[in-house]
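The values are calculated or read from the model by the stated rules, or taken from the named source; none is laboratory data. Computed from a predicted model, the values in this text were never measured in an experiment. Cβ placement follows ideal geometry from the backbone for every residue including glycine, while neighbour counts extend to all protein chains displayed. We work out accessible area using only protein heavy atoms, side chains counted, and drop any ligands, DNA or RNA first. Shrake-Rupley method; radii C 1.70, N 1.55, O 1.52, S 1.80 Å.
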Amino acid sequence: MADEPIPLAKPVLGEAEERAVIEVLRSGQLSLGPKLGEFERLFAERLGVPHASAVSSGTAGLHLALRAVGVGPGDEVITSPFSFVASANAIIYCGATPVFADIDPVTLNLDPAAAEAAITPRTKAILPVHIFGYPADMPAFERIAQQHGLAIVEDACEALGARHADGVAVGARGNPAVFGFYANKQLTTGEGGMVTLGDPAMKERIDSERNQGRAPDMGWLDHDRLGFNYRLSDIACALGVAQLGRLDEMLAARAHVATLYREALASIDGLTLPCEDLDGNSRGWFVFVVQLPAGVDRNAVISQLASVGIQSKPYLPAIHLSGFYRERFAHRDGEYPHCERVADHSLALPFFPEMGERQTSRVSRALSRILARFG
Ligand SMILES: Cc1ncc(COP(=O)(O)O)c(C=O)c1O
């Protein structure tokens, strides 16, 4: 009998989620109902941050957070080229320019020294990304931001469950930080996002702008500023509340799968595994991305894994080298060498909480067999 296919990602959804969604459907209040405030409150409590605003996606959250810190037309925002494209796109939505700086080759996060070197008189903010759930060096970015009078927005879309060395949860430092709840994330609402933040005035602005510019005390068709429809439905918020109830269990399961992979893949020559937790930081496991040895044809590896039922994908491509960014900003190969080398070699393997040892060892045996052919 053929082995079962192993997908790249798979959410954990059960009776708690079904019950939560049905309860909202029966209540008849599908949006702007009680689940919105409940999800925000529980999420903020969980992280230990004063405020949280639920939004329709991580991308929408980044857009509103950048607006809330005052990013606008003509500004520059320094960010990582090794991220999902949404973190840079949100800067462009504000009429500002994403200015990239290279990454640290070990953590794969924006390198603070490179970011500082990219500051110009037009720089308004820094947008570090906690890539693959590994905490960016926020103390360094906060020092730089303070010295140069810059704002910070954190892209924590991949980093729920991560912690900084000082014990503070990623997203709980008070800077606006944005989480994403797409189906592959640590916690999912199908689509969705959350902005966590310390400043109540900023929360008020974000809450208004996600709802067409309406203040809480205004009537339905009253709008005192430009807004968007970035609301998260009560159905999605109820899902989020149910998922929060099993978050510890799901995070622990992801960390366990990562340990199984580390053990299984340790013997493969030339394969680079995700960095271990360094200096007291702690990763919130989101994906398991390896870097293939130089000279290996990644597309061939992907199709050979697929032929034995194992899904994998190149993850992530360098943002500045994608078609739109090359054309719009005249980016070219070689600008950010660490990012480009990692982007050329990285491969995401199947990774989800319900994976067991049988599956991780099947993936590692297949990968080992395939890589031996390139030896
Ligand atoms: C680093 C990063 N930023 C932003 C986003 C955007 O989140 P969403 O897909 O919820 O809009 C994602 C999600 O995939 C992400 O991984």
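Scoring LEU247 on the criteria (1) within 19 Å of the chain's Cα centre (by Cα); (2) within 16 Å of the ligand (Cβ to nearest atom) leaves a single failure, condition (2). Tally time: how many residues in region 222-257 are closer than 15 Å to LEU32 by Cα and open to solvent by 70 Å² or more (accessible area, probe 1.4 Å)? Residues meeting the conditions: 1.
With respect to the conditions (1) open to solvent by 20 Å² or more (accessible area, probe 1.4 Å); (2) away from the ligand (no atom under 12 Å from the Cβ), VAL85 falls short on a single one, namely (2). Taking (1) surrounded by 15 or more Cβ atoms within 10 Å (Cβ to Cβ); (2) more than 23 Å from the chain's Cα centre (by Cα) in turn, ARG365 satisfies each apart from (1).
Applying a threshold of 7 Å to beta carbon distances and a minimum spacing of six or more residues, or different chains, the list of pairs starting in region 321-332 at a residue that is hydroxyl-bearing (Ser, Thr, Tyr) and ending at one that is open to solvent by 70 Å² or more (accessible area, probe 1.4 Å) is empty. Considering PHE351, PHE324, the condition of being in contact with a Lys or Arg (Cβ under 9 Å, 6 or more places away or on another chain) and either within 26 Å of GLY161 (Cβ to Cβ) or exposed (fewer than 15 other Cβ atoms within 10 Å of the Cβ) (or both) is satisfied by PHE351 alone. Considering (1) part of a loop (DSSP other than H, G, I, E, B); (2) open to solvent by less than 40 Å² (accessible area, probe 1.4 Å), the lone condition that LEU260 does not fulfil carries the number (1).
Figure legend. Inter-residue proximity from region 61-74: first residues without any contact (Cβ under 8 Å) to a residue 60 or more places away in the chain, second residues away from the ligand (no atom under 16 Å from the Cβ) and open to solvent by 20 Å² or more (accessible area, probe 1.4 Å), beta-carbon distance below 8 Å, spacing 6+ or different chains. Indicated pairs: GLY72/GLY95; GLY72/LYS124; PRO73/GLY95; GLY74/GLY95; GLY74/ARG122.
Looking only at residues in region 126-150 that are touching a helix residue (DSSP H, G or I) at 6+ places or on another chain (Cβ under 7 Å) and open to solvent by less than 20 Å² (accessible area, probe 1.4 Å), the one that is nearest to PHE351 (Cα to Cα) is VAL129.
Scanning region 301-320 for residues that are more than 16 Å from the ligand (Cβ to nearest atom), in contact (Cβ under 8 Å) with a residue 24 or more places away in the chain and surrounded by fewer than 20 Cβ atoms within 10 Å (Cβ to Cβ) yields a total of 5.
Rundown of residues vs (1) hydroxyl-bearing (Ser, Thr, Tyr); (2) part of a helix (DSSP H, G or I); (3) more than 16 Å from the ligand (Cβ to nearest atom); (4) out of contact with any strand residue (DSSP E or B) (no Cβ under 8 Å at 6 or more places or on another chain), yes/no style:
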| site | (1), (2), (3), (4) |
| --- | --- |
| LEU32 | no, no, yes, no |
| PHE39 | no, yes, no, no |
| LEU42 | no, yes, yes, yes |
| VAL49 | no, no, yes, no |
| ALA54 | no, no, no, no |
| THR59 | yes, yes, no, no |
| ALA65 | no, yes, no, no |
| PRO73 | no, no, yes, yes |
| PRO105 | no, no, yes, yes |
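Residues that are open to solvent by 40 Å² or more (accessible area, probe 1.4 Å) and modelled with pLDDT of 95 or more within region 283-300 comprise ASP297, ARG298, ASN299, listed in sequence order.
Taken together, VAL55, VAL69 contain a single residue that is surrounded by 14 or more Cβ atoms within 10 Å (Cβ to Cβ), under 14 Å from ASN175 (Cβ atoms) and modelled with pLDDT of 95 or more, which is VAL69.
On inspection, ARG341 qualifies as closer than 29 Å to PRO135 by Cβ, open to solvent by 50 Å² or more (accessible area, probe 1.4 Å), out of contact with any Phe, Trp or Tyr (no Cβ under 9 Å at 6 or more places or on another chain) and of a type outside the set (A, V, I, L, M). Conditions: (1) away from the ligand (no atom under 16 Å from the Cβ); (2) among the charged types (D, E, K, R); (3) under 19 Å from the mean Cα position of the chain (by Cα). ARG283 meets all but one. Number of the miss? Among (1) away from the ligand (no atom under 16 Å from the Cβ); (2) among the charged types (D, E, K, R); (3) under 19 Å from the mean Cα position of the chain (by Cα), the lone unmet condition for ARG283 is (1).
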